[in-house]
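The values are calculated or read from the model by the stated rules, or taken from the named source; none is laboratory data. Just so you know, these numbers come straight off a predicted model, no measurement behind them. A quick note on method: Cβ atoms are made from the backbone with ideal geometry, for glycine too, and the neighbour counts reach across all protein chains shown. To get the accessible areas, we keep the full protein, side chains included, count just its heavy atoms, and leave off ligands, DNA and RNA. Shrake-Rupley method; radii C 1.70, N 1.55, O 1.52, S 1.80 Å.
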Amino acid sequence: MPQPMGTTERQAEHGLILDFAGVLTADPRSVHRVWCESEGLPPEAWRATLNDHPEGRRLYAALEVGEIDQAEWNRRTAALLGVHVAPDNLMGRAWAAVPPARRMAALARAAKGAGYRLALLSNSFGTNPFNPYQQAGIWDLFDVHVISEQVRIAKPDPAIYKLTLERLGLPAQACVFVDDHPRNLPPAEALGITTVLATDESTTVAELEALLGVSATLSL
């Protein structure tokens, strides 16, 4: 496990790898429930369609690895949600009110300022017409971007973690990976990456501050 480093050490030889949704954003589930009700749907319709419905799961998996684009996903998933649900910018409408995780972004900025190399490792939910990374304002924080749609591999496939390390130019033992899905952590751990399960934002930031030896400060 990487130890907090002093200012005389070359922190650029260490890396911080962050997931996006649920790490660099707030937990989206409550927002999605409110959105469902605004569309005349049961509160759990979004979660159930994407996670429990066989065709919904298949479509989302295809979107993650770029087999279909967001526009096609919008059209086909809207039909699963209900005949009255408009497909236009479906993903953007559901995600528009999900706030960024400001303290986690501050932690990432502090780590970068201390010399850590940063990687964004995200299972994509498409970028056109709705770009979630642009909306959250975090894209330019990162030295490396590994987006599943672009590389045609999704977590928890070990290959996507290996690709991230290659792009960072760092060994696994020098990196910390943060994700809010427990299933995405073991493949990283198997490579020697230190992993942190993101829970609530305050707890996760505090854990990373201690682990990385940096302090997250929100700008006013």
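Figures for the structure shown
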item: Cβ crowding within 10 Å averaged over residues, with 54-60, 160-166, 149-155 ranked highest first; result: 160-166, 149-155, 54-60
item: Cα pair count fraction exceeding 21 Å, expressed as % - region 76-220; result: 50 percent
item: Fraction of antiparallel bridges per DSSP, the chain only, in percent to nearest 5; result: 5 percent
item: Extended-chain gain in nm, criterion 0.36 nm per residue less alpha-carbon gap, His145 and Val83; result: 18.7 nm
item: Environment charge of Leu141, counting only residues whose C-beta is closer than 13 Å and scoring Lys/Arg +1, Asp/Glu -1; result: +2
item: Sum of -39500 (n - 2.57) over DSSP H runs of 4+, divided by residues of the chain (222 nm, nearest 500); result: -12000 deg cm²/dmol
item: For peptides 115-128, 29-42, sequence by mean Cβ density within 10 Å, most packed first; result: 115-128, 29-42
item: Simple Cβ-charge dipole of the chain, Lys/Arg +1 and Asp/Glu -1, about Cα centre, in debye nearest 20; result: 180 debye
item: Magnitude of the charge dipole, region 25-135, Cβ model with Lys/Arg +1 and Asp/Glu -1, debye to 20; result: 620 debye
item: Taking N as its residue count, the alpha carbon Rg of region 136-176 over 2.2 N^0.38 Å; result: 1.21
item: For region 27-80, diffusion coefficient by Stokes-Einstein and Kirkwood Rh (Cα), 20 °C, 1.002 mPa s, µm²/s; result: 187 µm²/s
item: Calculated Rg and Dmax of region 137-214 using C-alpha coordinates, Å; result: 12.7, 34
item: Extreme residue, positive dipole direction of region 162-220, given options Ser202, Gly213, Ala188 (C-beta unit charges); result: Ala188
item: Accessible carbon and sulfur surface of the chain relative to its total accessible area, %, 1.4 Å; result: 52 percent
